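Structure, as structure tokens:
The values are calculated or read from the model by the stated rules, or taken from the named source; none is laboratory data. All of these numbers come straight from a predicted model, not from anything done at the bench. Cβ placement follows ideal geometry from the backbone for every residue including glycine, while neighbour counts extend to all protein chains displayed. SASA here: full protein model, heavy atoms, side chains in, ligands and nucleic acids out. Shrake-Rupley method; radii C 1.70, N 1.55, O 1.52, S 1.80 Å.
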Amino acid sequence: MQITTQKVKLGLALGMALTLIACGGGGGSSGTTKPVNNGTSPTAQWQAGVYASSASLKDQCATPRTGVDPVTNNAYPDKKGSETLEKLWLRSWSHESYLWYDELDDVNPAGYGVLEYFERLKTDLRTASGSYKDNFHYAQDTAELNKRTQSGVTSGYGFEWVWGSPYPPRSLHVVYIEPGSPADLAGIERGMQLVNINGRDLIYDETDAGVDAINNGLFPESVGQRTPMTFKTLSGNMLDVSLTSADYEIHAVAKTTVLNTTQGRVGYLLFNTFNIFKSQQPLKAAIQQLKDANISELVLDLRYNGGGLLAQSSQLGYMITGPDIVPADAFFERIVFNGKFEEDDELVFINQLLDEEFYGTGVALPTLDLTRVYVLSTGNTCSASESLINALRGIDVEVVLMGDTTCGKPYGFYPTDNCGTTYSTIQFKGENYAGFGEYADGLKPKQRPNLNFLDEVPGCRVDDDLNHALGDTQEALLAAALQHMQDASCPPEPPRTNKTKTLQRSGPAVQTASSHNPLWNNKIYPNKVVLQRLSQ
């Protein structure tokens, strides 16, 4: 199989989708507002149904940045403008590129802040289950985004958690600790419950001051912020710590082990994000380790993988299968736009490493040559992780889903910077080689799936188990996968609850009024850079 080695137009891999957005919108303007002045006194007005091109409004900022962009090594493009111009740019950009642009109300931006206005630029329609169609609309400080995606470094305490309930009586449990982070060094462990933070009762405090103090503690605004916390351990003891927010490295490939079972050698791979470009090499090394061990089955733990580079998802799909299993004419995912933003495109199964400018390097990827894979999932398995599941099913690789329904994001976008804020709005959807991509309500594990519903995936519904370490053969999801390999059985299905199970990170808060806190999920496909984010 061959992949394109043509250089990506935008040069750098991440945070650089501006050019394509600005130049590729087109077709969305039915007229112009008053002429835009690109000097120091720009003027523009909202007029219902009339849209200036987004290119004519871009980089005209109420507070322009100065100096050199460390990603591009060029001067920032910002010019003196106004919040009105920033809002009008958002309006035109959305009208040109939003997947459901014809479902947007043309809202007068007057009276809204920039971020408040951005929240209005999304559809309010719902899916068949009653969920909002667009749950993935958010904004992020550009500098923070670039630090994470370019270097694999983020800031915070280094633990992730789920809410049992975000409302009193609240319940917040730690699910993952990044090795080497402040939380790891302080002895925080999976399953611990946070009961007090910043001197406030996290479980019951409903005062305005209390909620502010809790949020300030959970989402440190800067490196060096020191926050006192009290955790309840699995044994019932209380652990008092004081964590200081710091920069720490993200380990995408968190654990690789070989399990000797009655069914033979089973590989276990805990992979937490596709969004760090430099994790290509660790992922390749992990697959080579499993190949050298001659595994006969693979358990791929994506329960907390919110997505990432679609190219990396494609590489992993190829490494699981290989050239003898992937049909010669097959693609990993077809990218479908709104009909006026870009032409539809296809991403192949990528069989080699890519360099930082997305040239093919010619370095071949190892393959496991498997026709079946077990995937561990939760509602935080999202985007590029779901694309991997869907793509493998599209070429008739057997995927057995163990855990819970995935987040439901068959969509992607080009996060686009304007005036120091990077905006992400849904601009395309993905489909597999068999033509399926309708899983906005998630991919659902079913012991006996209905063949008429392609979003139902063979497998077992199992609750996440916070009482055991990830990779422990007694941990519920992994144990269920190992049992299913042996006799195709499922454990008793747990009762459904309405409690929120949303993964959170202890990093800077996201600039959005949305009820969803984003994770990083970045998609690329040949000749374009596509980044995306999704709910945490």
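Brief remarks on what is shown
- Number of residues in the stretch 371-409 that are open to solvent by less than 10 Å² (accessible area, probe 1.4 Å), charged (D, E, K, R) and under 13 Å from residue 462 (Cα atoms): the value is 0.
- The set of residues in the stretch 81-90 that are surrounded by 24 or more Cβ atoms within 10 Å (Cβ to Cβ) and outside any loop (DSSP other than H, G, I, E, B) comprises 85, 86, 87, 88, 89, 90.
- Verdict on residue 355 being touching a Ser or Thr at 6+ places or on another chain (Cβ under 6 Å), of a type in the set (D, E, K, R) and open to solvent by 20 Å² or more (accessible area, probe 1.4 Å): yes
- When residue 381 is tested against (1) touching a strand residue (DSSP E or B) at 6+ places or on another chain (Cβ under 6 Å); (2) closer than 30 Å to residue 492 by Cβ, exactly one condition is not met: (1).
- Selection count where residues are more than 28 Å from the chain's Cα centre (by Cα) and closer than 30 Å to residue 147 by Cβ, scope the stretch 200-225: 1
- Scope the stretch 49-76; condition without any contact (Cβ under 8 Å) to a residue 24 or more places away in the chain and in a strand (DSSP E or B); matching residues: 50, 68, 75
- Of all the residues in the stretch 276-311, those that are under 26 Å from residue 360 (Cβ atoms) and either in contact with a Ser or Thr (Cβ under 6 Å, 6 or more places away or on another chain) or in a helix (DSSP H, G or I) (or both) number 22.
- Filter result for residue 157 (open to solvent by less than 30 Å² (accessible area, probe 1.4 Å) and among the aromatic types (Phe, Trp, Tyr)): yes
- Hits in the stretch 283-314 (condition: among the polar types (S, T, N, Q) and open to solvent by 10 Å² or more (accessible area, probe 1.4 Å)): 288, 289, 294, 296
- Complete set of residues in the stretch 102-130 that are open to solvent by 30 Å² or more (accessible area, probe 1.4 Å) and farther than 22 Å from residue 44 by Cα: 102, 103, 122, 124, 125, 126, 128, 129, 130
- Which numbered condition residue 78 fails, given (1) open to solvent by less than 70 Å² (accessible area, probe 1.4 Å); (2) in contact with a Pro (Cβ under 8 Å, 6 or more places away or on another chain); (3) modelled with pLDDT under 95: (3)
- Any hit, the stretch 254-261, residues being crowded, with 19+ Cβ neighbours inside 10 Å, modelled with pLDDT of 95 or more, more than 26 Å from the chain's Cα centre (by Cα) and not in a loop (DSSP other than H, G, I, E, B): no
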